[in-house]
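The values are calculated or read from the model by the stated rules, or taken from the named source; none is laboratory data. This is a predicted model, so every value here is computed, not measured. Cβ placement follows ideal geometry from the backbone for every residue including glycine, while neighbour counts extend to all protein chains displayed.
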Amino acid sequence: MRAALVITDEDFYEPTGYAQAWVRALEAEGCEVERLARVPRDWGATGPPAGRYDLALAHVLVEEVAAFGATLQVAAVLEGSGVPLVNPVAALVASADKLVTHAVWAAHGVPQPAAWDLAGLDAWPVPEGPMVIKPSLGDGARHIELVPDLDAARAVERSWRADEAAGGERRGAALLQEWVREPACVRLFATPHRTSLAHEKSRAEGALVTHGTVYPRVYPPPPAMADLAQRMVAALGGGLMGVDVLVEPGGRLLALEANAPFGFDVTDPEQGRWVARAALDAVRARSAAAAR
């Protein structure tokens with residue numbers, strides 16, 4: 001099995017160790033791995049070498065999707081040349097933009113916190129109480145706040161646009177989202193057909209977002225949680241994603257977000273093996289379905 005690992009080689013990302021962890025995990029499953037960070041110069045004349053790759057794993061960051069960056073370009077070329085992608089280009093785009101993600105999930109009836117594009121609102125969309133404002137682009141729980149009304153929400157968005165104009169990161173659309181009080185936030189790795197262990201994120205009581213990379217609880221997901229994680233990925237057309245599920249104190253499960261380029265514990269070979277096997281299985285399943 002010959003795999004193309006599409007991932008940036010920029011200095012800001014290389015120290016994360018994700019590229020090296022993916023290479024180790026894929027090689028442990030018998031793959032020959034070639035890293036690609038941009039479209040090779042000769043491909044414009046020759047195209048990708050025929051038959052060179054059996055699959056491509058495109059670890060395309062949100063900011064690269066937003067700017068149609070180098071790694072997304074590689075993913076588009078490989079997909080257009082017939083190389084099976086673990087997450088197709090459409091799934092990369094849909095998971096990178098939270099407004100798109102929520103719209104797709106709504107179309108498929110996936111339970112989620114209700115979300116609105118702030119730009120289209122003339123009135124507060126919930127009967128009472130604050131809502132969460134978050135950018136449709138970005139990750140790491142940045143720029144997320146509670147706001148009490150439209151004036152406060154629009155003031156937050158104005159601060160985003162001022163920062164963008166000064167060279168700050170792009171936020172995309174401003175989303176207003178239902179505030180889910182005191183939930184557990186659980187990260188799972190999932191395909192449309194299988195789900196990893198559930199990793200509950202650390203969150204201080206009363207805090208709006210989680211913090212750190214330590215999971216205080218790791219456990220086999222209940223069937224309803226595993227099913228929701230698989231539905232989240234399948235609705236977006238993905239093959240393997242890291243998804244976050246909110247668990248309300250009363251037990252209600254809600255889809256929060258999906259990540260095509262996801263972080264996993266690079267120090268845990270067992271976790272690396274799980275995601276590598278899931279990636280390979282996802283491509284095999286898609287190829288088998290296409291052959292039928």
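Based on this model, can you work out whether Asp139 counts as outside the structural domain of Ala226 (by TED's automatic domain parsing), without any contact (Cβ under 8 Å) to a residue 40 or more places away in the chain and either among the acidic types (Asp, Glu) or touching a Leu at 6+ places or on another chain (Cβ under 7 Å) (or both)?
no
Select from region 62-82 the residues that are surrounded by fewer than 21 Cβ atoms within 10 Å (Cβ to Cβ) and of a type outside the set (S, T, N, Q) and list them in ascending order.
Matches in region 62-82: Glu63, Ala66, Ala67, Phe68, Gly69, Ala70, Ala76, Val77, Glu79, Gly80, Gly82.
Consider Val104 against the criteria (1) touching a helix residue (DSSP H, G or I) at 6+ places or on another chain (Cβ under 6 Å); (2) not assigned by TED's automatic domain parsing to the domain that holds Val243; (3) not aromatic (Phe, Trp, Tyr): it satisfies all of them except one. Which criterion is unmet?
Tallying (1) touching a helix residue (DSSP H, G or I) at 6+ places or on another chain (Cβ under 6 Å); (2) not assigned by TED's automatic domain parsing to the domain that holds Val243; (3) not aromatic (Phe, Trp, Tyr), Val104 fails exactly one: (2).
Only residues in region 48-65 that are under 16 Å from Arg277 (Cα atoms) count as the first member; pair them with residues that are acidic (Asp, Glu), Cβ under 8 angstrom, at least 6 apart or cross-chain, and list the lot.
Note: pairs meeting the criteria are Ala56/Glu79.
For the subset of region 171-204 comprising residues that are among the charged types (D, E, K, R), in contact with a strand residue (DSSP E or B) (Cβ under 8 Å, 6 or more places away or on another chain) and not in a strand (DSSP E or B), which member is nearest to Ala67 (Cα to Cα)?
Arg171
So, in region 94-145, exactly how many residues are more than 20 Å from Val186 (Cα to Cα), under 18 Å from the mean Cα position of the chain (by Cα) and assigned to a helix (DSSP H, G or I)?
6
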